[in-house]
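A.B. asks: This is the structure, below, for whatever I ask next.
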Amino acid sequence: MNKIRVVIADDHTIVREGVRLLLEAQPDIEVVGEAADGREAIAVIREQHPDVAAMDIQMPNLNGLDATRAIKQESPQVQILVLTMYESDEYFFQTLAAGASGYVLKKAASADLMTAIRAVSQGNVFLYPSVARRLVSDYLTRVNAGEEQGSYDGLTAREREVLKLIAEGHTNQSIAEKLVISPSTVQTHRTRIMHRLNLQTRAELIQYAVRKGLLDSAS
Amino acid sequence: MALPRVYLICVNRLVCEAVTMLLRREGIELLGMDTDTETALAQVRALNPEVVLVESGDEDTEANLMLALAQLVSGKDHRRVIRLGLADKELYIYHQEHRRLVDVQDLVAAICADDVSA
């Protein structure tokens, strides 16, 4: 039986070593590397080619979100499983947009982590139930309000471009440079998009982009 | 010298299970653990461990728990409370010391300090 090869990226030594012991107690899982920050995670993954990377979000040098983006760009076959104590929409939708296949909270039991690792290693998505519930609830609210398609159709081509770039994490300055327009024009587009889609925060905007399938998995 | 007996209180279950594995590996006796603070406090009162290890993500939200634990160990020389701060990677040893957490041995050393052993 081929074991699932896992890299653990977490800046907290106690958590990292403890999780390693938990995973190594599983007959079908093998820990092939550890990393204490995002940069180290990229290097270890480049060297070990694991099936799954269990990635903390808040890490020094390079955070888990940026590391996930970089890893998915370089090694799209590696499945990223976010392992975090943060349950905020902002983190959740940004990590999905960055290409993560799963999101598990540290308040979960280790059995949930094992299930998640097995699921994402087979190309499936795993979301911790409380997080998945929020995603579904939000989706249903918007679908029931009948606002999805009509609102998006109302955006201009340029607004759709800006929407995608915002959701991918680009700043106004960065978008301005990419589209060769001024930052204030980007801000105008941004305000108009938020208004037309009835969105209040950047997290909601990212959520919207994920639902609409506007983001490439490697973006 | 007998190793101190530990009770573990965790906010995050996965951390709880991970720390349990580490303590067992180090041969430290774990009397029990819980993620519910009320249940945990009752267990600490009943089991009377030498060390209470508290994993906490946020010092403020755990203020009441730490106060209750401080009252439990107050006046007992051989008892101590250690708060393991996940966010700041620090060990807070109530009330006496504050140590930098670098690796597992820091945690083991804090638990097994000579003045704690019964």
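A.B. asks: Identify, from the list A:Ala109, A:Ala98, the residue that is in contact with a Ser or Thr (Cβ under 9 Å, 6 or more places away or on another chain) and either assigned by TED's automatic domain parsing to the domain that holds A:Ile166 or of a type outside the set (Lys, Arg) (or both).
C.D. replies: A:Ala98
A.B. asks: So which of A:Ile14, A:Ile57, A:Ile45 is β-branched (Val, Ile, Thr), modelled with pLDDT of 95 or more and either at positive phi or touching a helix residue (DSSP H, G or I) at 6+ places or on another chain (Cβ under 8 Å) (or both)?
C.D. replies: Of the residues listed, the single one that is β-branched (Val, Ile, Thr), modelled with pLDDT of 95 or more and either at positive phi or touching a helix residue (DSSP H, G or I) at 6+ places or on another chain (Cβ under 8 Å) (or both) is A:Ile45.
A.B. asks: Scan the stretch B:104-118 and report the pairs whose first residue is farther than 19 Å from A:Thr13 by Cβ and open to solvent by less than 30 Å² (accessible area, probe 1.4 Å) and whose second residue is β-branched (Val, Ile, Thr) and modelled with pLDDT of 75 or more, with Cβ atoms within less than 7 Å and a gap of 6+ or a chain change.
C.D. replies: B:Val116/B:Val51
A.B. asks: Within the group A:Ala67, A:Ala111, which residue is small (Gly, Ala, Ser), in contact with a strand residue (DSSP E or B) (Cβ under 9 Å, 6 or more places away or on another chain) and either within 12 Å of chain B (Cβ to nearest Cβ) or on the phi < 0 side of the Ramachandran plot (or both)?
C.D. replies: Exactly one of A:Ala67, A:Ala111 is small (Gly, Ala, Ser), in contact with a strand residue (DSSP E or B) (Cβ under 9 Å, 6 or more places away or on another chain) and either within 12 Å of chain B (Cβ to nearest Cβ) or on the phi < 0 side of the Ramachandran plot (or both), namely A:Ala67.
A.B. asks: Also, I was wondering about something else. On the basis of being assigned to a helix (DSSP H, G or I) and surrounded by fewer than 20 Cβ atoms within 10 Å (Cβ to Cβ), does A:Arg46 make the cut?
C.D. replies: Yes.
A.B. asks: I want to confirm something. Restricting to the stretch B:1-33 and keeping residues that are of a type outside the set (A, V, I, L, M, F, W, C) and away from chain A (no Cβ under 13 Å), which single residue is most open to solvent (accessible area, probe 1.4 Å)?
C.D. replies: This residue is B:Glu29.
A.B. asks: Might you check whether a residue that is part of a helix (DSSP H, G or I), within 12 Å of chain B (Cβ to nearest Cβ), without any contact (Cβ under 8 Å) to a residue 12 or more places away in the chain and more than 17 Å from A:Val120 (Cα to Cα) occurs anywhere in the stretch A:22-36?
C.D. replies: yes
A.B. asks: Give A:Ala108, A:Ala119 a once-over and let me know the one that is within 26 Å of B:Val19 (Cβ to Cβ) and out of contact with any helix residue (DSSP H, G or I) (no Cβ under 8 Å at 6 or more places or on another chain).
C.D. replies: A:Ala119
The values are calculated or read from the model by the stated rules, or taken from the named source; none is laboratory data. On a predicted model such as this, the values are computed, not experimentally measured, just so you know. All Cβ positions, even for glycine, are placed from backbone atoms using ideal geometry, and neighbour counts span all protein chains on display. SASA here: full protein model, heavy atoms, side chains in, ligands and nucleic acids out. Shrake-Rupley method; radii C 1.70, N 1.55, O 1.52, S 1.80 Å.
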